[in-house]
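The values are calculated or read from the model by the stated rules, or taken from the named source; none is laboratory data. This structure is a prediction, so every number in the text was calculated from the model and none was measured. Backbone-built Cβ (ideal geometry, glycine too); neighbour counts: all protein chains shown.
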Amino acid sequence: MTAPVTLRTARLLLRPWRASDRVLFAAINADPKVMEHFPRTSTREESDAGADRIVARMEQQGFGLWAVEVPGIADFIGFIGLNPADAVLGRPVLEVGWRLAAEHWGRGYATEGARASLAHAFDVLGKDEVVSFATTANQRSRHVMEKLGLVRRPEDDFDHPGVPPSWSGRRHVLYRITREQWRSQLATHAENM
């Protein structure tokens, strides 16, 4: 057991989960707009089981899919963070991902929180690479991945093994960024300041 770390950005607090987050998380997972690029929405029981897995993984490794708080605005708006993608991709690698309540879309929160998550993966955990993936039609998430500097190679696209084979969204695009690309991007950003 490792005490989960908390990350702070200019506007966000990426923190361990609280019991009070579960009701709002269930509402997010039941929203057809949020779950448009998933096979279906989740029941309360499925949402709670998902939260249990997130919390257990965070307690085991000290990081994961953090609960996102916007101090002074909202106590919980969803999750952003790092998750092992080994089972999906068949190799040990971390995925950076997010799921936010629709009313908080379009404010740059996913990008801001994911940037802090990438910094943690590369600077604290010493990872060589981080990936992200989404359905081919999920243009919002793909845009965030591109803003973060992740790069897609079409030959890496894949059929997600964790969804029904008959589901129209089974085909996923894979984006990736290496530690060297991340550091180069930071250096270029610093030079342009």
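Laid out as a table, the results:
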| item | result |
| --- | --- |
| In segment 153-184, residue surrounded by the most Cβ atoms within 10 Å (Cβ to Cβ) [restricted to those that are outside any loop (DSSP other than H, G, I, E, B) and without any contact (Cβ under 8 Å) to a residue 24 or more places away in the chain] | ASP156 |
| Residue pairs meeting the criteria (Cβ under 8 Å; at least 6 apart or on separate chains; first under 19 Å from LEU24 (Cβ atoms), in segment 95-115; second assigned to a strand (DSSP E or B) and polar (S, T, N, Q)) | GLY97/ASN83; GLY97/SER132 |
| Only listed residue being among the hydrophobic types (A, V, I, L, M, F, W, C) and touching a helix residue (DSSP H, G or I) at 6+ places or on another chain (Cβ under 8 Å), chosen from LEU125, LEU82 | LEU82 |
| Total residues in segment 87-104, condition at pLDDT below 95 and either outside any loop (DSSP other than H, G, I, E, B) or on the phi > 0 side of the Ramachandran plot (or both) | 4 |
| Sole residue being farther than 22 Å from PHE79 by Cα, at pLDDT 95 or above and charged (D, E, K, R), chosen from ARG153, ARG179 | ARG179 |
| Residue that is aliphatic (A, V, I, L, M) and in contact (Cβ under 8 Å) with a residue 40 or more places away in the chain, where the choices are ALA51, ALA26, ALA19, ALA10 | ALA10 |
| Matching residues in segment 132-152 - criterion: being farther than 14 Å from TRP98 by Cβ and either crowded, with 19+ Cβ neighbours inside 10 Å or among the polar types (S, T, N, Q) (or both) | THR135, THR136, GLN139 |
| Any hit, segment 108-116, residues being surrounded by 14 or more Cβ atoms within 10 Å (Cβ to Cβ), part of a strand (DSSP E or B) and either at pLDDT below 95 or aromatic (Phe, Trp, Tyr) (or both) | no |
| Test: residue in segment 67-83 that is over 18 Å from ARG22 (Cβ atoms), assigned to a strand (DSSP E or B) and either touching an Asp or Glu at 6+ places or on another chain (Cβ under 9 Å) or not β-branched (Val, Ile, Thr) (or both) | yes |
| Test: GLU36 is out of contact with any Lys or Arg (no Cβ under 7 Å at 6 or more places or on another chain), over 18 Å from HIS104 (Cβ atoms) and either assigned to a loop (DSSP other than H, G, I, E, B) or among the charged types (D, E, K, R) (or both) | no |
| In segment 29-70, the residues that are buried (at least 18 other Cβ atoms within 10 Å of the Cβ) and touching a helix residue (DSSP H, G or I) at 6+ places or on another chain (Cβ under 8 Å) | ASN29, VAL34, SER42, SER47, GLY50, ALA51, PHE63, GLY64, LEU65, TRP66, ALA67, VAL68 |
| Evaluation of GLY78 against (1) under 15 Å from the mean Cα position of the chain (by Cα); (2) at negative phi (one fails), failing number | (2) |
